[in-house]
Amino acid sequence: MNKHNKTLGEFIIDNQQAFQYSSGELSRIINSIRLAAKVVNYKVNKAGLVDIIGGVGAQNIQGEDQQKLDVYANDVFIQTLINREIVCGIASEENDDFITVQGNDNSHNNKYVLLMDPLDGSSNIDVNVSLGTIFSVYRRITPIGTPVTLEDFLQPGINQVAAGYVIYGTSTMLVYTTGHGVNGFTMNPALGTFYLSHPNMQFPENGKIYSVNEGNYIHFPQGVKDYIKYCQSEEEDRPYTSRYIGSLVSDFHRNMIKGGIYLYPTSSKAPKGKLRLLYEGNPMAFLAEQAGGKCSDGENRLLEIVPTELHQRVPFFCGSKNMVDKAEEFMRNAK
Ligand code: AHM
Ligand code: MG
């Protein structure tokens, strides 16, 4: 790693000074995510050993019950945020309802809520494929000093003040935005320090990769079927390359670096799509737009959808701007 690369800690301090009126709360949230990510990363890296040292339900050497990795990640992120008293509420893909966080003095004086998918792509745990944590931060709507309500979580994605992901891959990265571009930090595992390795990340305007679960092809809307055929046809710079890991964070990350589109449309099997608007869709859409890409439900800008429930699903078209434009064109033409 280049010795001149900033650490995440240095980057946070520099950027906090840039926000003249910042109280530092947002910086502390990012710091907490960095810490929780390191703890989860350590566990994810040992996942293959679980079969050797004891599976789910078994007891570890300290006599504690082994937890499923996604439940473990959920607990680590929630406890890290609660212990630091930096958010007033948390909603997680793993929890049915949101969690109200109050300070030691029973106050409700923090101004941000955090929403997350603590371990996305968990079907990949057993097969040594990359996983991710996705997070999203909003300023609360209800008055400071009162307990949070559902309204604080059901905000359209355009209200996000920060969003990002951790990718537990060949290297561990934290990629996030606070609305001033997207920056990626890679962890040096020897030191446990994240370094700014990917400043100002940008989606190429055009790409040559399409990512979709083609096993569902027969169930897709006609517009998506037509777009997939377009990606496969021998014309101009096509056929495109098909790449689908089945781990949203990894598929998104690759497409942002190389140029591509990720699709999880509605289907007759999943009439509302599969991905969750609040935990997966909106944070990725915020990152995509901040990196010059585009994200929609096939028709409308994702960030403008007003959510009606915490675990709402949404069709998801995300990636290089010209590719998403083209996919939307096929959706319109198939109507
Ligand atoms: P999860 O939150 O239950 O892990 O599901 C989300 C994941 C995404 O990471 C991935 O892109 C998608 O589901 C894959 O779904 P499928 O296996 O239907 O293609
Ligand atoms: Mg998920």
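In this structure, does TYR279 turn out to be among the hydroxyl-bearing types (Ser, Thr, Tyr), in a helix (DSSP H, G or I) and either within 14 Å of ligand 1 (Cβ to nearest atom) or at pLDDT below 95 (or both)? Answer is yes for this residue.
So, in segment 288-328, how many residues would count as being more than 22 Å from MET256 (Cβ to Cβ), free of Cβ contacts under 8 Å to residues at least 60 places away in the same chain and surrounded by 14 or more Cβ atoms within 10 Å (Cβ to Cβ)? Here the count works out to 2.
Scanning segment 296-326 for residues that are of a type in the set (A, V, I, L, M) and under 18 Å from LYS274 (Cα atoms) returns LEU302, LEU303, ILE305, VAL306, LEU310, VAL314. The number of residues in segment 111-129 that are within 10 Å of ligand 1 (Cβ to nearest atom) and of a type in the set (D, E, K, R) comes to 2. Looking at the structure I just gave you, is VAL71 within 16 Å of ligand 1 (Cβ to nearest atom), farther than 17 Å from LEU310 by Cβ and part of a loop (DSSP other than H, G, I, E, B)? No: the conditions fail for VAL71. Looking at the structure I just gave you, is ALA285 at pLDDT below 95, over 15 Å from GLY207 (Cα atoms) and within 16 Å of ligand 2 (Cβ to nearest atom)? Judged against the criteria, ALA285 is not a match. Could you check, for segment 216-234, whether at least one of its residues is within 16 Å of ligand 2 (Cβ to nearest atom), in contact (Cβ under 8 Å) with a residue 60 or more places away in the chain and touching a Ser or Thr at 6+ places or on another chain (Cβ under 8 Å)? Within segment 216-234 (the criterion being within 16 Å of ligand 2 (Cβ to nearest atom), in contact (Cβ under 8 Å) with a residue 60 or more places away in the chain and touching a Ser or Thr at 6+ places or on another chain (Cβ under 8 Å)), the answer is no, since none of the residues qualifies.
May I ask you to verify whether GLY223 is crowded, with 17+ Cβ neighbours inside 10 Å and at positive phi? Against the criterion (crowded, with 17+ Cβ neighbours inside 10 Å and at positive phi), GLY223 does not qualify.
In segment 237-275, how many residues are within 13 Å of ligand 1 (Cβ to nearest atom), farther than 22 Å from HIS219 by Cα and of a type in the set (D, E, K, R)? Result for segment 237-275: 1. Just so you know, in segment 153-186 the residues that are closer than 27 Å to ASP126 by Cβ and surrounded by fewer than 17 Cβ atoms within 10 Å (Cβ to Cβ) include one that is modelled with the lowest pLDDT, and it is THR170.
Consider LYS272 carefully, then state whether it is surrounded by fewer than 14 Cβ atoms within 10 Å (Cβ to Cβ) and either in a helix (DSSP H, G or I) or in contact with a strand residue (DSSP E or B) (Cβ under 9 Å, 6 or more places away or on another chain) (or both).
On the way: surrounded by fewer than 14 Cβ atoms within 10 Å (Cβ to Cβ): yes; either in a helix (DSSP H, G or I) or in contact with a strand residue (DSSP E or B) (Cβ under 9 Å, 6 or more places away or on another chain) (or both): yes.
Spelling it out, LYS272 is indeed surrounded by fewer than 14 Cβ atoms within 10 Å (Cβ to Cβ) and either in a helix (DSSP H, G or I) or in contact with a strand residue (DSSP E or B) (Cβ under 9 Å, 6 or more places away or on another chain) (or both).
Taking segment 96-120 as the range and being within 16 Å of ligand 2 (Cβ to nearest atom) and within 18 Å of ALA36 (Cα to Cα) as the test, the residues that pass are LEU114, LEU115, MET116, ASP117, PRO118, LEU119, ASP120.
The test for being closer than 27 Å to PHE153 by Cα, within 12 Å of ligand 1 (Cβ to nearest atom) and charged (D, E, K, R) does not hold for ARG301.
The values are calculated or read from the model by the stated rules, or taken from the named source; none is laboratory data. Worth saying up front: this structure is predicted, and the values here are computed from it rather than measured. Neighbour counts are summed over all protein chains in view; Cβ atoms, including those assigned to glycine, are modelled from backbone coordinates with ideal geometry.
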